[in-house]
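Enquirer: Below: one structure in structure tokens.
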Amino acid sequence: MSNGQNERREMTGAEMVVQALKDNGVKHVFGYPGGAVLPIYDEIFQQDEVEHILVRHEQGAGHAAEGYARSTGKAGVLLVTSGPGATNAVTPLQDALMDSIPLVCLTGQVPTSLIGSDAFQECDTVGITRPCTKHNWLVKDVNELAATIHEAFHVATTGRPGPVVVDIPKDVQFAKGIYVPPQTAPRTSYQPKVQGDLEKIKAAVELMAGAKKPIIYSGGGVINSGPEASHLLRELVDLTGFPITSTLMGLGAYPASGKNWVGMLGMHGTYEANMAMHDCDVMICIGARFDDRITGRLTAFSPNSKKIHIDIDPSSINKNVHTDVPIIGDVGRVLEDLVRLWRATAKTDKKALYPWWEQIAKWRARDSLAYKMNNDVIMPQYAIQRLYALTKDMDTYITTEVGQHQMWAAQHYHFDKPNRWMTSGGLGTMGYGLPAALGVQIAHPDALVIDIAGDASVQMTMQEMSSAVQYEAPIKIFILNNQYMGMVRQWQQLLHGNRLSHSYTEAMPDFVKLAEAYGGHGIRCDKPDELDDAIREMISVKKPVLFDCRVATLANCFPMIPSGKAHNEMLLPDEATDEAVANAIDAKGRELV
Amino acid sequence: MNAQHLQPTGSAYFIAKETEKPETHTLSVLVDNEPGVLARVIGLFSGRGYNIESLTVSETEHEKHLSRITIVTRGTPHVMEQIKHQLERIVPVHRVVDLTVRSHELGQERPLERELALVKVAGTGDARVEALRLADAFRASVIDANTEHFIFEITGKGSKLDQFIAIMKPLGLVEICRTGVAAMNRGPQGM
């Protein structure tokens, strides 16, 4: 990346920041200026190689950078000032940490001479962000600045990706020092293991070859590993004929249209996926982490299976679930070996899997995503299905907020490619989707970018509509408006005797007028037979759209594994009567989140 | 089959009967000596709900800027494995060795562990004579004294220090300072 003229030049710290961004291939930075980053903003002003996207709140910058990163596979970059700028970035940093998204966050800091004096807009940024980053640095010497930023990119994007923070005091931005270009020699203490142990992979192949009731359970690690990993996953599924399910984070790695797809698993996954997980004899977990939303009650989790776990992070192995064959390495590299060994040694007798597929077909016949269609009111599931039908053949990227709409989107919007689905999985951050859509649209200006939103979540970061208008980013905010915090209400119905404490929004803004106030376009639809035309209008408008889709207010999200229950104790939509809902969770399960 | 591998902390989903017995282990952690590295290690323990019974840290290789952190912690074997892996994720951490596990592999009961304490005892008459006599029996040395007090320096296993301090209590114990455990495995190999 470096070229001769950049070798060890003298420049100011602020110049170094911009030079280092260029040398690390950065094209876009999301940020918000302030006192402690003014020298860097001055440098940004004087060049046009790195484009700065001005947000309206630092949380928006972080989520936009996350959307950018997840849709491109590159690091997302944000630039914020000291104090409140840095603290506002904490939510997206933790979000990126939990979902393993590479983010580089540059924060301004008060001058080194003032650090510790409770100066104006001072906070202990490295202290506050230590637990919500993969690593962070406070740079006190301008001569270490360039190398630190290069290292930050290296740490953020390699191994298990994650967010990093580089805190740069204002005097360091002004000081002159020597710029060093990116170097390939990383620090000796940080050496992620990418190549899997061949003996373990052999053991995995052996176990898989003997499986009668196998299931592949893949996750976000496949997507993080890059497009080649998704390709290899598809190849593995084709070769073995095994059924495959995926976590929320992993949707798209294996196509939802693929014949071995059994749908998403977990709390709101399909009946067939969860039953197959429960009854399988060999489970191949690829780049997922046995999160509580996936496993349900651990003591009853897939009790009779041998488990193979491929993960780049050794701490994910045996964390929640005991693994019989752990393989530590990059999913792509491990799959390469696994596919090669499978071809060389294992012969799948696909006929041997017939009884298993027959069983899966029986579970599938329960039609766990069914809902009662209504001709007068738009059912939220129907809205997603129509949205999918009308956009699936386009170059579409979907983001979401968090709640019922997110689960309906995961269930009813089907992804055939990786990097097309951006949602806050681990942290569950309401307000993620709108700024994330902005970030995706900046990276893919000609694509159709839709945020499937809820009426409550979308108001948390609504201000970024203004950024979208400024940068002519025609993001489509498709709001499933039921006037409730739907998932909160669903849990109050399940756990708290239907006492709907503060989950109803009595004063809802007029989203159409709001869109217009921002300079965008507003659409409202409340009739099922007008929905298609309204969606077509949304697609055709070349500016940011707020689509107020009025849906059935009391619809709930099923199927569901109630808290404290196992995979084979799902609550199915046709069984979810008021009484069943009220009694679904016992006293022990009530404590759980 | 997973029941015996559950960890007690983390999400409320993992509340389940713990069937493994907690054990005390001594960990050696080799880290880059840079600002904040100790905070990263301690933050990991508090953030994930692990115990710290003793913590000792000092630079051990000046030229390489390496510090060695010795942590005595308590948890089930499963939690111990998690602690080790979580520590290894910290970017400036070079190596983590569970000295207790290592000593078992070497056929030994436990690693070598030593701690130093400074113990101040004030008094006159018989108590003062008794304190000095007992200090001699424990091979504690007097490093400061006047007619009314002694400061003893004592080195040994934690249990020996505990015992010495308990004995000094009725003899005019004023204050105690302990270093925490320094530890390594027996034999010619390094960590």
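Nothing in this text is a laboratory measurement; each read-out follows from the coordinates by a stated rule. Note that the structure is predicted; figures quoted are calculated from it, not measured. Please note: Cβ atoms are built from the backbone with ideal geometry, for glycine as well, and neighbour counts cover all protein chains shown.
Enquirer: Please build a GNM for chain B, connecting alpha carbons under 10 Å apart, and tell me which residue among B:T179, B:T76, B:T147 fluctuates the most.
Expert: Comparing B:T179, B:T76, B:T147 in a Gaussian network model of chain B, the most mobile one is B:T147.
Enquirer: Expressed in whole Å with the largest first, what are the equivalent ellipsoid semi-axes of the range A:4-179 derived from the C-alpha gyration tensor as the square root of 5 times each eigenvalue?
Expert: 21, 19, 15
Enquirer: Regarding the range A:198-364, what is the average projected area of its C-alpha convex hull, in nm²? Provide the component values of the computation, followed by the final result.
Expert: Details: hull surface 32.9 nm².
About 8.2 nm², averaged over all directions.
Enquirer: With +1 assigned to the C-beta of every Lys and Arg and -1 to the C-beta of every Asp and Glu, and no other charges, what is the dipole magnitude of the range A:4-179 about the Cα centre in debye, to the nearest 20?
Expert: 380 debye
Enquirer: Another one. About the Cα centre of the protein assembly as shown, how large is the charge dipole given +1 on each Lys and Arg Cβ and -1 on each Asp and Glu Cβ? Please answer in debye to the nearest 20.
Expert: Working: 76 positive and 92 negative charges, 380 e Å.
So the dipole magnitude of the protein assembly as shown works out to roughly 1820 debye.
Enquirer: Between A:T505 and B:N51, what is the label-to-label distance in nm when each label sits 7 Å out along the Cα-to-Cβ direction?
Expert: 4.7 nm
Enquirer: Which FRET efficiency value, to the nearest 0.05, is calculated for A:E10 and A:H231 with the Förster distance at 41 angstrom and r the Cβ-Cβ distance? Present the calculation step by step, with values, prior to reporting the outcome.
Expert: Numbers: r = 46 Å, r/R0 = 1.12.
The calculated FRET efficiency here is 0.35.
Enquirer: Something else now. Could you work out the longest stretch of chain A that avoids the GluC sites (Glu not before Pro) located in DSSP loops with at most 12 other Cβ atoms within 10 Å? Can you show the working numbers first?
Expert: Values: sites that count: A:E7, A:E49, A:E472, A:E506.
Answer from the scan: A:50-471.
Enquirer: List the aspartates and glutamates whose alpha-carbon lies under 17 Å from that of A:K259, not counting same-chain residues fewer than 8 positions away?
Expert: Those aspartates and glutamates meeting the cut-off are A:E235, A:D238, A:E272, A:E358, A:D367, A:D416.
Enquirer: From other protein chains only, count the Cβ atoms within 10 Å of every residue's Cβ in A:291-299, then give the mean.
Expert: Per residue, the average neighbour count from other chains is 4.
Enquirer: Oh, and also: How large is log10 I(q)/I(0) at q = 0.05, 0.10 Å⁻¹ when the Debye formula is applied to the Cα atoms of the protein assembly as shown, each weighted equally and without solvent?
Expert: Cα-only, vacuum Debye calculation for the protein assembly as shown: -0.30, -1.10.
Enquirer: Please compute the length gained on full extension between A:A352 and A:A370, using 0.36 nm multiplied by the number of residues separating them and subtracting their Cα-Cα distance. If you can, show how the numbers build up before the last one.
Expert: Details: separation 18, 0.36 × 18 = 6.48 nm, distance 3.08 nm.
My answer for the length gained is 3.4 nm.
Enquirer: Which three numbers, in whole Å and largest first, are the semi-axes of the equivalent ellipsoid of the range B:112-184 derived from its Cα gyration tensor as √(5λ)?
Expert: So the equivalent ellipsoid measures 22, 11, 10 Å along its semi-axes.
Enquirer: Taking 10 °C and 1.306 mPa s as the conditions, I'd like the Stokes-Einstein D for the range A:92-248 in µm²/s, using the Kirkwood hydrodynamic radius from alpha carbon pairs.
Expert: On the way: Rh = 18.8 Å.
The diffusion coefficient I find is 85 µm²/s.
Enquirer: Long-range amide H contacts for A:L79: which residues qualify at under 5 Å (H placed 1.01 Å from N, peptide plane, sequence gap of 5 or more or a different chain)?
Expert: A:F30, A:G31, A:Y32, A:L106
Enquirer: Multiply the residue separation of A:K27 and A:A389 by 0.36 nm, subtract the distance between their alpha-carbon atoms, and state the gained length in nm to one decimal.
Expert: Taking 0.36 nm per residue and subtracting the Cα distance, the gain is 127.0 nm.
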